[in-house]
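Peer 1: I'd like to ask some things about the structure below.
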Amino acid sequence: MRGLGEHTAPWECTYAKEDKNRCKLGKKPASDQEYFEILCLCVLQAGLSWNMLRKNWHKYRIAFLNFDIETLTKMRVEELLERPDVIRNPKKIEGIIHNATEFQRIKLEYGSFSGFLRSQKRRERAEVIGILKNLFKHVGTYTAEFYLHSVGFR
């Protein structure tokens with residue numbers, strides 16, 4: 001763990017362990033694909049241990065088709081449930097598929113997910129959290145807040 005420094009993976013963050021004052025923002029992702037993978041990580045993490053998730057992340061990447069946004073928009077929950085190493089939670093899987101579709105829509109409207117986030121800079125953080133909760137499935141207040149922190153949103 002990097003302590004007070006910038007982190008590149010959400011599980012490196014002390015914020016995830018409720019020590020919000022000691023953790024700097026995460027590193028801004030370089031691509032929409034990275035933004036999406038971190039969102040998926042935040043969705044999948046709910047109710048699971050960070051250690052288990054970190055240890056098995058390489059398996060989840062394979063199981064969820066490398067979190068390829070376009071591929072996931074075409075998948076059905078049942079198809080993903082049949083894949084080895086997928087977290088067997090239909091609601092989370094449904095959320096990931098929905099969120100991939102929403103990411104595609106945002107990319108078309110704003111040019112990129114980063115462009116979407118830049119367009120939100122003038123808003124209060126609480127308002128941006130509310131927007132994310134409305135856009136994405138299986139994303140509540142804490143998940144949206146942690147996601148913004150993880151992707152370096154100020």
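Derivation of every value follows stated rules applied to the coordinates shown; laboratory data play no part. Here the structure is a predicted model, which is why all the values come from computation and not from measurement. Because the Cβ atoms are built from the backbone with ideal geometry, glycine has one as well, and the counts that use them run over all protein chains shown.
Peer 1: Where q = 0.10, 0.12 Å⁻¹, what log10 of I(q)/I(0) comes from the Debye formula for the stretch 10-150, counting one point per Cα?
Peer 2: -0.32, -0.46
Peer 1: I'd like the distance separating the alpha-carbon centroids of the stretch 34-67 and the stretch 98-154, in whole Å.
Peer 2: Rounded to whole Å, the Cα centres lie 18 Å apart.
Peer 1: Give the residue list of GluC sites (Glu not before Pro) in the stretch 63-92 that are DSSP loop and have at most 15 other beta-carbon atoms within 10 angstrom.
Peer 2: Details: sites: Glu70, Glu78, Glu79, Glu82; in loops: Glu82.
Of the GluC sites (Glu not before Pro), the ones in loops of the stretch 63-92 whose Cβ has at most 15 other Cβ atoms within 10 Å are Glu82.
Peer 1: List the lysines whose alpha-carbon lies under 20 Å from that of Lys59, not counting same-chain residues fewer than 8 positions away?
Peer 2: Correct list for Lys59: Lys91, Lys92.
Peer 1: Can you tell me, using C-alpha contacts under 8 Å and at least 6 residues apart, the relative contact order of the stretch 20-125 as a whole percent? If you can, show how the numbers build up before the last one.
Peer 2: On the way: 73 pairs, mean separation 27.7, N = 106.
Worked out over the stretch 20-125, it gives 26 percent.
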